[in-house]
Amino acid sequence: MRVTALQTDIKWAQRKANQEVAESMIASCPQSDLYVLPEMWATGFTMKPQEHAEDLLQAGNSLEWMQQMSQHFNCAICGSLAISDNGKFFNRLYFVTPTGSITAYDKHHLFAYGHENIYYQAGSKRIIATWKGMHFLLATCYDLRFPVWLRNKRNDYDAIIVVANWPRSRQNAWQILLRARAIENQCYIIGVNRVGTDLFCTYAGGTAIIDAKGHTIAQALFNTPDAISANIKKEELIQFRNRFPVWADSDEFCWQRSMPPTKEQN
């Protein structure tokens with residue numbers, strides 16, 4: 001499967017401009033099966049969801065744009081949006097396919113240090129999206145710091161998609177944790193961060209696609225918008241897991257607040 005990660009410089013609260021940039025970047029990297037955008041790619045990481053969150057009933061919103069692009073380019077598109085849903089706000093990660101299927105994951109670990117937990121509701125379910133025979137665990141930014149939540153206990157996924165607005169001041173942690181999650185779960189990692197500056201932070205990017213051995217197979221430029229692509233291969237992943245079955249010796253965990261992993265077939 002061909003995957004392209006889109007490291008964008010998000011224009012604050014300018015949906016149309018951010019959609020145009022994303023469409024241009026997708027068109028410049030044709031024939032990928034999956035394109036991944038950063039966290040809150042349409043608005044920037046807002047703590048004013050009452051002003052910037054999109055109503056699911058609103059015509060012409062960014063989710064509809066994702067559906068249109070998915071059909072136009074015959075690909076899956078993944079990215080998170082600030083969403084208003086039944087009077088509550090969510091940082092919701094969407095995985096959209098050209099068949100019309102939409103898989104949604106609400107960010108579980110809200111970033112209390114930045115007051116995200118005050119304005120947004122936390123999700124309670126781990127979500128796995130399926131596309132062209134590959135299984136993707138969906139995760140958002142701060143989730144990356146919590147290995148139990150992302151644990152690949154039953155080899156029920158092949159890759160983790162992590163979308164982020166991860167500040168430059170903690171760039172080293174981003175790069176280390178991406179590699180750690182790939183190695184410990186024997187899976188691919190598609191980590192997509194933004195660049196640029198918003199009202200709160202500066203972002204260096206560091207978008208990367210990493211294989212199950214911790215090798216970086218595609219790396220974006222730092223501090224500038226960039227698009228990177230790589231092929232992820234399920235057959236090679238299965239062979240590696242069978243040859244070196246670390247997963248078979250893993251520890252049991254009590255999931256406590258979480259629900260069992262949920263697969264949504266596309």
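Quick notes
- Output for segment 65-93, where each listed residue is assigned to a strand (DSSP E or B) and open to solvent by 10 Å² or more (accessible area, probe 1.4 Å): Ser84, Asp85, Lys88, Phe89, Phe90, Arg92
- Reported count of residues in segment 98-107, each being assigned to a loop (DSSP other than H, G, I, E, B) and surrounded by 24 or more Cβ atoms within 10 Å (Cβ to Cβ), is 1.
- Annotation note: of Arg2, Arg15, the sole residue that is closer than 27 Å to Tyr142 by Cβ, open to solvent by 10 Å² or more (accessible area, probe 1.4 Å) and of a type in the set (D, E, K, R) is Arg15.
- Taken over segment 27-36, residues that are touching a residue at least 60 places away in the same chain (Cβ under 8 Å) and more than 17 Å from Ile209 (Cα to Cα) amount to 1.
- The set of residues from segment 146-173 being among the β-branched types (Val, Ile, Thr) and either within 14 Å of the chain's Cα centre (by Cα) or buried (at least 19 other Cβ atoms within 10 Å of the Cβ) (or both) comprises Ile160, Ile161, Val162, Val163.
- Qualifying residue in segment 236-249 (condition: acidic (Asp, Glu), over 18 Å from Leu144 (Cβ atoms) and within 17 Å of the chain's Cα centre (by Cα)): no
- Candidate set from segment 108-119 (those that are of a type outside the set (Asp, Glu) and open to solvent by less than 30 Å² (accessible area, probe 1.4 Å)); member that is nearest to Met47 (Cα to Cα): Gly114
- With respect to (1) polar (S, T, N, Q); (2) closer than 15 Å to Glu39 by Cα; (3) surrounded by 20 or more Cβ atoms within 10 Å (Cβ to Cβ), the lone exception for Thr202 is condition (3).
- Residues located in segment 40-59, provided they are open to solvent by less than 10 Å² (accessible area, probe 1.4 Å) and assigned to a loop (DSSP other than H, G, I, E, B): Met40, Trp41, Ala42, Thr43, Gly44, Thr46
Rundown of residues vs (1) open to solvent by less than 10 Å² (accessible area, probe 1.4 Å); (2) at positive phi; (3) at pLDDT 95 or above, yes/no style:
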| residue | (1), (2), (3) |
| --- | --- |
| Lys132 | no, yes, yes |
| Thr140 | yes, no, yes |
| Leu144 | yes, no, yes |
| Gln175 | no, no, yes |
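- Residue check for Ser62: surrounded by 15 or more Cβ atoms within 10 Å (Cβ to Cβ), under 24 Å from Ile228 (Cβ atoms) and of a type in the set (Ser, Thr, Tyr): yes
- Within segment 141-159, the set of residues being over 16 Å from Tyr203 (Cα atoms) and outside any loop (DSSP other than H, G, I, E, B) comprises Asp143, Leu144, Arg145, Ala159.
- Per the conditions (1) part of a loop (DSSP other than H, G, I, E, B); (2) closer than 17 Å to Tyr35 by Cα, the sole criterion not satisfied by Val162 is (1).
The values are calculated or read from the model by the stated rules, or taken from the named source; none is laboratory data. Because the structure is predicted, anything quoted here is derived from the model rather than measured. Neighbour counts run over all protein chains shown; Cβ positions are idealised from the backbone, glycine included. SASA here: full protein model, heavy atoms, side chains in, ligands and nucleic acids out. Shrake-Rupley method; radii C 1.70, N 1.55, O 1.52, S 1.80 Å.
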